[in-house]
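The values are calculated or read from the model by the stated rules, or taken from the named source; none is laboratory data. Not measured: the values here are computed from a predicted model. Using ideal geometry, Cβ is built from the backbone for each residue, glycine included, and neighbour counts are taken over all protein chains shown. Heads up: the accessible areas ignore ligands, DNA and RNA and are worked out on the full protein's heavy atoms, side chains in. Shrake-Rupley method; radii C 1.70, N 1.55, O 1.52, S 1.80 Å.
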Amino acid sequence: MTVPEKMTAVRIVAHGGPDVLELAEVPVPVPAVGEVLVEVRAAALNNTDLWTRQGAYGTPEDPEALAGWRGPLDFPRIQGADVAGVIIAVGPGGDAGLEGRRVVIDPAIYDAEGPQANPVGLMGSERDGGYAQHVIAPVRQVHDVTGSSLSDAQLASLPTAYGTALGMIERGGVREGETVLVTGASGGVGLALVQLAAARGARVLAVSSGSKLEAVRSAGADATVDRAQDIVGQVRAAADGGVDVVLDVVAGDLVGEGLSLLREGGRWVIAGALGGHGVGFDVRRLYLHNAQIVGSSMHTREHFALLMDIARGAQVQPVIAATYPLDQAARAQEELGRRHHVGKIVLDPQEAAPPA
């Protein structure tokens with residue numbers, strides 16, 4: 001396949017607001033041994049794009065330090081963890097038969113080789129990502145989804161949001177027939193949690209704002225909880241006897257207020273802190289009831305492989321809120337930050353005005 005020499009990309013040149021996003025013409029990267037070059041057909045946005053741009057992650061040594069997902073960034077950095085596209089070239093000695101295959105890229109950088117390895121870096125933060133017309137990926141990180149009926153935008157919506165959601169579901173041991181409470185249910189990860197938990201056969205209670213409750217119900221929630229009202233009281237009324245698992249991307253005060261909602265042996269899985277980093281709770285509610293609080297960051301290789309099986313069978317249907325051309329990445333990030341939408345916001349890198 002013909003590979004161009006130049007491409008359009010959006011990269012951040014420093015930490016800051018949307019103004020640090022720069023549209024640039026850059027060389028198309030060349031795949032090394034064990035790598036492939038992917039023509040990006042769709043790149044989905046995530047909160048991690050905003051927080052990486054802002055440098056909001058801190059470091060273990062200095063929580064207030066400006067840093068990317070797992071540490072200081074090398075600028076300029078092409079953002080974008082979530083990519084669906086087509087392989088157009090392979091590195092030296094690679095399998096030329098891969099060219100033309102439709103793929104989704106696992107964006108995680110792992111700490112080991114095995115299926116249970118932990119993610120310690122992320123495409124778009126620790127290495128260049130998908131806000132570009134082409135991106136390099138290790139061949140073992142690309143998953144063939146050629147036969148999937150999902151659109152490019154839907155496939156691009158899967159890696160971070162659905163990968164994070166499936167990691168939470170797996171680490172929380174969600175089983176068919178259990179009652180699950182999902183917080184932040186209208187967001188990217190939240191809506192993925194609703195769909196994936198419902199597909200597993202769980203009874204899903206979903207917390208969201210009043211204007212978005214119908215969309216959350218349409219995604220598969222059995223009952224909804226208005227976050228502007230008494231959340232704990234609503235959950236008690238909807239789930240007699242409590243819930244088996246809380247899948248939480250909000251944290252904050254709800255952890256302390258809601259821990260008593262767990263049934264015996266219940267699990268509270270946390271993968272975000274939109275409601276605040278600091279939490280407090282009565283530890284007796286933990287040990288007297290054999291409850292667990294589980295931290296969950298993205299997915300393992302095994303989780304991602306399972307997610308790709310789900311994608312090939314189109315067992316979930318990601319909701320696309322809006323699609324923007326690549327040169328409107330800053331506008332798309334601003335829309336993401338306003339949180340007025342339901343579903344995923346996606347960039348089309350093949351539709352982009354050239355840099356001025």
TM-like helix rule applied to the chain (DSSP H, alpha carbon span at least 15 Å on the long axis, mean Kyte-Doolittle at least 1.6) gives 188-199
Could you work out how much longer the chain between E334 and Q350 gets when fully extended? Use 0.36 nm per residue separation minus the Cα distance between them, nm to one decimal. 3.7 nm
Say the dipole of the range 1-149 comes from +1 at the beta carbon of Lys and Arg and -1 at that of Asp and Glu; which of V90, A42, G100 then lies farthest toward its positive end? G100
The orientation-averaged projected area of the Cα convex hull of the range 203-301, in nm², is 7.0 nm²
Is there a quick way to get the dipole size of the range 152-208? I mean about its Cα centre, with the Cβ of Lys and Arg at +1 and of Asp and Glu at -1; what is the value in debye to the nearest 20? 140 debye
So what's the Cα pair-distance distribution over the chain, bin width 10 Å, in %? 6, 25, 33, 24, 9, 2, 0
In whole Å, what are the extents of the range 262-355 along the principal axes defined by its C-alpha atoms, from largest to smallest? 61, 34, 21
From the phi of every residue in the range 111-119, what ³J(HN,Hα) in whole Hz does the Karplus formula 6.51 cos²θ - 1.76 cosθ + 1.60 yield, where θ is phi - 60° and glycine or proline is x? 8, 7, 8, x, x, 9, 4, 8, x
Taking just the C-alpha trace of the range 288-327, give me its Rg and Dmax in Å. 16.7, 55
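If packing is taken as the mean number of other Cβ atoms within 10 Å per residue, what is the order of 261-273, 51-63, highest first? Before the final figure, lay out the partial values.
On the way: 261-273: 19.5, 51-63: 15.1.
Top to bottom by mean Cβ count within 10 Å: 261-273, 51-63.
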Could you give the nm distance between label points at A238 and A117, where each point is 7 Å from its Cα heading toward the beta carbon? 3.9 nm
Could you tell me what a quarter of the Cα convex hull surface of the range 233-273 works out to, in nm² with one decimal place? 2.7 nm²
Given charges at beta-carbon only (K, R positive; D, E negative), |dipole| of the range 69-204 in Debye: 320 debye
Amide H neighbours of V120 under 5 Å, at least 5 residues apart or on other chains, H built in the peptide plane: list them. I109, Y110, D111
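Send over the per residue convex hull volume for the range 9-136, Cα only, as a whole number of Å³.
Numbers: hull volume 14.8 nm³, N = 128.
Expressed per residue, the convex hull around the Cα atoms of the range 9-136 is 115 Å³.
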Contour excess over end-to-end distance, with Cα ends at D62 and L274 and 0.36 nm allotted per residue: 74.3 nm
Computed accessible area, Y131, all protein chains, 1.4 angstrom probe, square angstrom: 0 Å²
Among A329, A238, A137: highest mean-square fluctuation, GNM of the chain, C-alpha pairs under 10 Å: A238
Residues whose built amide H sits under 5 Å from the amide H of L262, excluding neighbours closer than 5 in sequence, are V243
So for R0 = 45 Å, FRET eff. of S149-E25 from the Cβ-Cβ r, to 0.05, ends up at 0.80
Extension gain D253-M1, at 0.36 nm per residue separation less the Cα-Cα distance, in nm? 85.3 nm
